[in-house]
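These notes concern the structure reproduced below.
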Amino acid sequence: MTAAQTWLDKSLSPDDRARALIAELTLDEMITLVHGPMPNLMKPEEKPADAGTGAGYIGGVPRLGIPALNETDASLGVTNPRQVRKGDGSTGLPSGLAIASTWDAHLAYEGGAMVGRESRAKGFNVLLGGGANLTRDPRCGRNFEYLSEDPLLTGVLAGEAIKGAQASNIVCTIKHFALNDQETCRHVVDARIDEGALRESDLLAFQIAIERGQPGSVMCAYNRVNGEWCGENDFLLNQVLKGDWNYPGWVMSDWGAVHTTAKAALAGMDQESGYQLDKQVYFGPVLMKEAVEQGEVPFERLTNMVHRILRSLIDKGVFDNPVVPSEPDYEAHGDISQAAAEAGIVLLKNDGVLPLGGGLRKIAVIGAHADVGVLSGGGSSQVIPVGGPALELKVSMGPSSAFSSVTYFPSAPLAAIKARALNATVSYASGEDVAEAAELARGADLAIVFADQWCTEAEDLPTLSLPHDQDALIAAVAAANSKTIVVLETGTPVTMPWLDQVSAVLEAWYSGTRGGEAIGRILFGEVSPSGRLPISFPRSVDDLVRPQIPGMIFGPPEEGKTIPTSFPNVQQHKGKFSVEHPEGADVGYRWYDRAGKTPLFPFGFGLTYTRFAYAGLELAGGETVTASFEVKNTGAVAGVETAQVYARIAGGQRLIGWARVALEPGESRRVSVEADPRLLASYDAGLPGWRVAAGPVEVTVGPDAATVALKGEAVLSARTMKP
Ligand code: BGC
């Protein structure tokens, strides 16, 4: 380091070092840093030598040691789009909803850290993860990449996953900012919502996750919010993110989400990603240069864009720790994925048939390709597992077909069951022939039916029914064998018309690299199930805020007016339109509570192989609510209870905290939960800020949102807090 190279001085702050670098940059170099292509769409002769094989690339400035950014999708593991890196598989985590079902900040951190290590090992220094959109609609095609319907649960777990990822000296994003709550028409839809409601729901999830995880970058969403594209939304980017929250990092666009140069830059967009997907290279050497030279984008604004990028690269360790490819420890990483899968599987029903014991002689295993593997979700987050997929089914049409195939990871539940039922004959039927499957079930001691539901980015589900007549398959098997266990491998909730006819239901979600093994361990009681639903399961789509997804059209395609999807006779509307959000901040369980509706399974719900009792609630009020109480394992086996604390604020129910307590049989523990005071407040746009009303507030403690084990009252003092 020469005296002049102060940007190398690690004793200086990231901001000072970024300023020192900027003083050296030419205008062209600055513009290089604010836009980039999808390397895989470049002609070989155009592709820079240091461009990798990920979703995005931003050129660096080698003379100053500014590294190129190689960005990989990695919501649930490092991806390998179109398998450009032949044979290069990665460890796949269980889906976001599965991870959130653990309600375990440590497991979320470990999962993020695992993906961060694999990103770095594969040569990537920016990880496009951190999905933190609320699952406002159970039919949203990307729910499997997101975490929950609750801002606190989402914020805490997304923040931990981001923190884990960035522990490898790379940048992790948080995405998609904001209110990208449906995939149908995601490029054109205008999500309309009241400011207070937005602040208390989706924005609060992002706010908590950003505070906890401090992501180096925020990726904007495709859609519009209250009239403006998220990528040129002054309210979201300048006022909320960079103003109220003082966010120091950079805003990158989603791929194909930039529509203008000056308007976007002035509204707070800092970097154009995947520019081949935009109509023009809005932040590139022609348009951005022209805009700066003509003063439409002030030079100070361009400087600020670059400053935000460089300060994040320095702050997160990208600048000082160039990536050096290495071999990931796939075995250890598989253990991390399996631990998350085991803690995330939710036992929804059990009449006593589970856990399975040793006395079984004949077991029928049916359906969902359980003989070869477990399902995963489609789209840009699709992981190719180590060793390659067990099965890939092509998607022939619809917006998802460009980047999706239905992919099964090679961790077969059938093998895991056989390995544990050593005295039994375990037979498999694909389920395609319902009569054959029922016949197999009839002759067995019990039947385990696997049923799956594929979800993908770019499309929503037209219904919450299991696809491919699997409801009929389950009903037929249940009619043939009174001991029928259903294992669901779904990306989001499903309806269960056969629920009363079956003995047990396990929601295994998309269970990742070692999913089959995790399912086997839960079925045979090697682990007590401890997962809790992070999303309410409706009885029917009629219970949802919007009985039909806006922009989804049932019927044949209409020339120029609709876009076909991969679902037969389901189209997406072509052209702009808006969607009102009358539920406001009452997402999921809050909506059921307010509407007085009973879901099929409530938020927070999950059974286990033991029992828990609650006692001794003590509440303290004042500035916030602190609840302390005792949880006891009153059953015969060890287990984990997730005790949830809810408060009733402005007439509505809110999760204000939880405690995950692992207890041996007979053991009890007193735990204490303190609420983030924003959860006790209403957002007042006129203030502006959070306002807590003075007075008594009802607090309940229990195993899910619909069950009260303990109840009390705390008295809050009036207070206001900054936005
Ligand atoms: C998705 C992003 C993803 C990007 C890059 C977009 O279609 O919405 O989540 O990171 O593509 O692949």
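Some notes on this structure:
- Of the residues making up region 521-548, those that are crowded, with 23+ Cβ neighbours inside 10 Å and in a helix (DSSP H, G or I) number 2.
- Positions within region 640-670 being open to solvent by 20 Å² or more (accessible area, probe 1.4 Å) and under 30 Å from residue 525 (Cβ atoms), in sequence order: 640, 658, 660, 662, 664, 665, 666, 667, 668, 669, 670
- Residue count, region 245-260 (criterion: under 27 Å from residue 314 (Cβ atoms) and either assigned to a loop (DSSP other than H, G, I, E, B) or β-branched (Val, Ile, Thr) (or both)): 11
- For region 209-234, a residue qualifies if it is more than 16 Å from the ligand (Cβ to nearest atom) and open to solvent by 10 Å² or more (accessible area, probe 1.4 Å), and the qualifying residues are 210, 211, 212, 214, 226, 227, 228, 232, 234.
- Only listed residue being within 13 Å of the ligand (Cβ to nearest atom), of a type in the set (S, T, N, Q) and crowded, with 24+ Cβ neighbours inside 10 Å, chosen from 173, 102: 173
- The residue of region 119-162 that is surrounded by the most Cβ atoms within 10 Å (Cβ to Cβ), among those that are farther than 19 Å from residue 209 by Cα and within 16 Å of the ligand (Cβ to nearest atom), is 119.
- Subset of region 37-83 that is surrounded by 21 or more Cβ atoms within 10 Å (Cβ to Cβ) and farther than 16 Å from residue 123 by Cβ - its residue that is farthest from the chain's Cα centre (by Cα): 66
- Among the residues of this structure, residue 264 counts as one that is away from the ligand (no atom under 16 Å from the Cβ) and farther than 23 Å from residue 21 by Cβ.
- Residue check for residue 385: within 20 Å of residue 510 (Cβ to Cβ), in contact with a Gly (Cβ under 9 Å, 6 or more places away or on another chain), more than 16 Å from the ligand (Cβ to nearest atom) and open to solvent by 30 Å² or more (accessible area, probe 1.4 Å): no
- Filter result for residue 708 (β-branched (Val, Ile, Thr) and over 30 Å from the mean Cα position of the chain (by Cα)): no
- Extreme residue, nearest to residue 457 (Cα to Cα), among residues of region 549-596 that are aliphatic (A, V, I, L, M) and in a loop (DSSP other than H, G, I, E, B): 549
- Comparison of 550, 529 shows that the only residue that is more than 16 Å from residue 606 (Cβ to Cβ) and outside the structural domain of residue 154 (by TED's automatic domain parsing) is 550.
- The set of residues in region 677-723 that are surrounded by fewer than 18 Cβ atoms within 10 Å (Cβ to Cβ) and part of a loop (DSSP other than H, G, I, E, B) comprises 685, 686, 687, 688, 693, 694, 708, 717, 718, 722.
- Only listed residue being farther than 24 Å from residue 102 by Cβ and in contact with a helix residue (DSSP H, G or I) (Cβ under 8 Å, 6 or more places away or on another chain), chosen from 713, 698, 623, 618: 623
- Checking each residue of region 598-615 against the condition of being more than 20 Å from residue 530 (Cα to Cα), open to solvent by less than 40 Å² (accessible area, probe 1.4 Å) and not assigned by TED's automatic domain parsing to the domain that holds residue 698 gives at least one match.
- The number of residues in region 554-577 being touching a strand residue (DSSP E or B) at 6+ places or on another chain (Cβ under 7 Å), open to solvent by 40 Å² or more (accessible area, probe 1.4 Å) and not charged (D, E, K, R) comes to 7.
- The set of residues in region 614-643 being part of a strand (DSSP E or B) and either acidic (Asp, Glu) or under 16 Å from residue 714 (Cβ atoms) (or both) consists of 616, 617, 618, 619, 620, 622, 626, 627, 628, 629, 630, 641.
- With respect to the conditions (1) without any contact (Cβ under 8 Å) to a residue 60 or more places away in the chain; (2) touching a Ser or Thr at 6+ places or on another chain (Cβ under 6 Å); (3) within 16 Å of the ligand (Cβ to nearest atom); (4) under 17 Å from residue 36 (Cβ atoms), residue 59 falls short on a single one, namely (3).
- Look at (1) buried (at least 23 other Cβ atoms within 10 Å of the Cβ); (2) in contact with a Leu (Cβ under 9 Å, 6 or more places away or on another chain); (3) among the hydroxyl-bearing types (Ser, Thr, Tyr) and you find that residue 456 fails only one, number (2).
- Given (1) surrounded by fewer than 17 Cβ atoms within 10 Å (Cβ to Cβ); (2) more than 24 Å from residue 290 (Cβ to Cβ); (3) more than 13 Å from the ligand (Cβ to nearest atom), index of the condition residue 21 fails: (1)
- Taking each residue of region 302-318 that is at positive phi and looking for partners that are outside any helix (DSSP H, G or I) with beta-carbon atoms closer than 6 Å, six or more apart or interchain, yields 317/169.
- Residue list for region 388-403, filter: within 16 Å of the ligand (Cβ to nearest atom) and in contact (Cβ under 8 Å) with a residue 60 or more places away in the chain: 395, 398, 399, 400, 401, 403
The values are calculated or read from the model by the stated rules, or taken from the named source; none is laboratory data. Source: prediction; values computed, not measured. Cβ atoms come from the backbone with ideal geometry, glycine included; neighbour counts cover every protein chain shown. Heads up: the accessible areas ignore ligands, DNA and RNA and are worked out on the full protein's heavy atoms, side chains in. Shrake-Rupley method; radii C 1.70, N 1.55, O 1.52, S 1.80 Å.
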